[in-house]
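The values are calculated or read from the model by the stated rules, or taken from the named source; none is laboratory data. Note that the coordinates shown come from a computational prediction; the quantities given were computed from them, not determined experimentally. Note that each Cβ is placed from the backbone with ideal geometry, even for glycine, and that neighbours are counted across all protein chains shown.
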């Protein structure tokens, strides 16, 4: 008897019930096999004519798998690494090993949901929601009555701030029979072809160790959490934001453990608006996860959760296609937009303030279908999370959990990069001093709502 433990969304040792689930009496009679499957379509496929993942994002994920394999090997646990269409590859492995049970993290994304649904037709599939704040009874929201407004969701959940507690770091259990590294390697033939893409990374989402070090540094060593609310709208820097998002997205950092650490800081050091606001942002993440489970693939419709489902391809005029290409290449001629897009293209990261502005600009100023922006972010972001990404893009477009949100790019540039320092750092070819660096290039169509703010640009610096 064999039980497969799918670790795709939970490549970590801390707060990982999937590793502990083999401690029951039944499991002592079973062989346990740790498995990760890299979805070929998700990393090598296309959508709307765009690659699904950049080389940088692929390299980060391969590094995470490699680090997880090393961590498990210390406990003599082998990690079977598969590559291809997940349901097909997992089924092949299960057949070979005569597995009857599969245990996995509760999925959020529709494609992951479909994979487990397919496997459930042949195997006993058990899921554990280990990446949600509200992952166990009685905290699990009822999807049928789940509010579609974040404010209503927050008011419903926030009064007691009850969160599923994190569990301790995994330790080997007596009687567990894991497939050891020496035996697991023979099932990794398909995955071995990805070795050519591997590249060491020290990004927070590339290993559990990096993620936990970042959390400790940000909260406890630098105590940067104490000024989070005041600094979170900055555009770059080491400590303006937590930068936990990549590790949370890849599953190498537990959101429950993260929440627990914030509470400890509040109890031992300081509780203020900033510590609350970081929890507030984690609630936003939580909200989108449950919204995605409620509406599933509707989030990929042109109208998202509003109106009739429309999965037809995005249609662009030749001019709109040129505008989209310029936006992706950071050559729109609007410095504040181009600086943020160049940061994304070079690092795979962008501040929350930058994301809102470039999204609003593409949708409302250039008139491009929001799904194309969401798809490009999916390709580039190292902290890509299906629910947060597509949910936020639909939010800005007005197809999601709010009316449309349009930002005045010039006003935002003056508010958050008043002297133009960020723009000049990202676009060194622009040498104009002061806020005048935000002046759009010749030929850029100037919307009427920019005019008053353009008049405020100056070469003066503070």
Only one residue in 376, 384 is part of a helix (DSSP H, G or I) and under 22 Å from residue 58 (Cβ atoms), so which one is that? 376
Given the conditions (1) more than 22 Å from residue 36 (Cβ to Cβ); (2) modelled with pLDDT of 95 or more; (3) surrounded by 13 or more Cβ atoms within 10 Å (Cβ to Cβ), every one holds for residue 153 apart from (2)
Against the condition free of Cβ contacts under 8 Å to residues at least 12 places away in the same chain and within 18 Å of the chain's Cα centre (by Cα), how does residue 376 come out, does it pass? no
Going by the conditions given, is residue 147 touching a helix residue (DSSP H, G or I) at 6+ places or on another chain (Cβ under 9 Å), part of a loop (DSSP other than H, G, I, E, B) and not assigned by TED's automatic domain parsing to the domain that holds residue 39? yes
Restricting the search to the stretch 331-348, which residues are within 18 Å of residue 417 (Cα to Cα) and either surrounded by fewer than 20 Cβ atoms within 10 Å (Cβ to Cβ) or outside the structural domain of residue 382 (by TED's automatic domain parsing) (or both)? 333, 342
Subset of the stretch 370-388, residues in contact with a helix residue (DSSP H, G or I) (Cβ under 8 Å, 6 or more places away or on another chain) and closer than 19 Å to residue 342 by Cα, comes to 372, 373, 374, 376, 377, 378, 379, 380, 381, 382, 383, 384
So if I check each of 246, 211, which one is at pLDDT 95 or above, under 30 Å from residue 424 (Cα atoms) and buried (at least 17 other Cβ atoms within 10 Å of the Cβ)? 246
Would you check if there is a residue in the stretch 169-184 being in the same structural domain as residue 287 (by TED's automatic domain parsing), exposed (fewer than 13 other Cβ atoms within 10 Å of the Cβ), modelled with pLDDT of 90 or more and in a helix (DSSP H, G or I)? no
Before we move on, is residue 444 surrounded by 18 or more Cβ atoms within 10 Å (Cβ to Cβ), over 21 Å from the mean Cα position of the chain (by Cα) and in a loop (DSSP other than H, G, I, E, B)? no
Quick test for you: out of 247, 195, 224, pick the one residue that is outside the structural domain of residue 347 (by TED's automatic domain parsing), without any contact (Cβ under 8 Å) to a residue 24 or more places away in the chain and under 26 Å from residue 82 (Cβ atoms). 195
In the set 367, 418, the lone residue that is in contact with a helix residue (DSSP H, G or I) (Cβ under 8 Å, 6 or more places away or on another chain), at positive phi and outside any helix (DSSP H, G or I) is 367
Of the conditions (1) within 19 Å of residue 396 (Cβ to Cβ); (2) outside any helix (DSSP H, G or I), residue 309 satisfies every one except a single condition; which number is it? (1)
Quick one: what pairs do we get from the stretch 1-18, first residue at positive phi, second surrounded by 21 or more Cβ atoms within 10 Å (Cβ to Cβ) and part of a loop (DSSP other than H, G, I, E, B), C-beta under 6 Å, 6+ apart or different chains? 15/254
Residues being touching a residue at least 12 places away in the same chain (Cβ under 8 Å) and in a loop (DSSP other than H, G, I, E, B): count how many of those fall in the stretch 312-332. 6
For the stretch 393-410, give me each residue that is farther than 21 Å from residue 378 by Cα and surrounded by 24 or more Cβ atoms within 10 Å (Cβ to Cβ). 409, 410
In the stretch 68-138, which strands (runs of 3 or more DSSP E) lie fully inside it and hold 3 or more residues that are surrounded by 16 or more Cβ atoms within 10 Å (Cβ to Cβ) and either without any contact (Cβ under 8 Å) to a residue 60 or more places away in the chain or out of contact with any helix residue (DSSP H, G or I) (no Cβ under 8 Å at 6 or more places or on another chain) (or both)? none
The condition from (1) farther than 30 Å from residue 8 by Cβ; (2) crowded, with 20+ Cβ neighbours inside 10 Å that residue 230 misses is numbered (2)
Hits in the stretch 114-148 - residues which are more than 20 Å from residue 385 (Cβ to Cβ) and at pLDDT 95 or above: 117, 118, 119, 120, 121, 122, 123, 124, 125, 126
Scan the stretch 258-277 for residues that are loosely packed, with under 14 Cβ neighbours inside 10 Å and in a helix (DSSP H, G or I) and report the count. 4
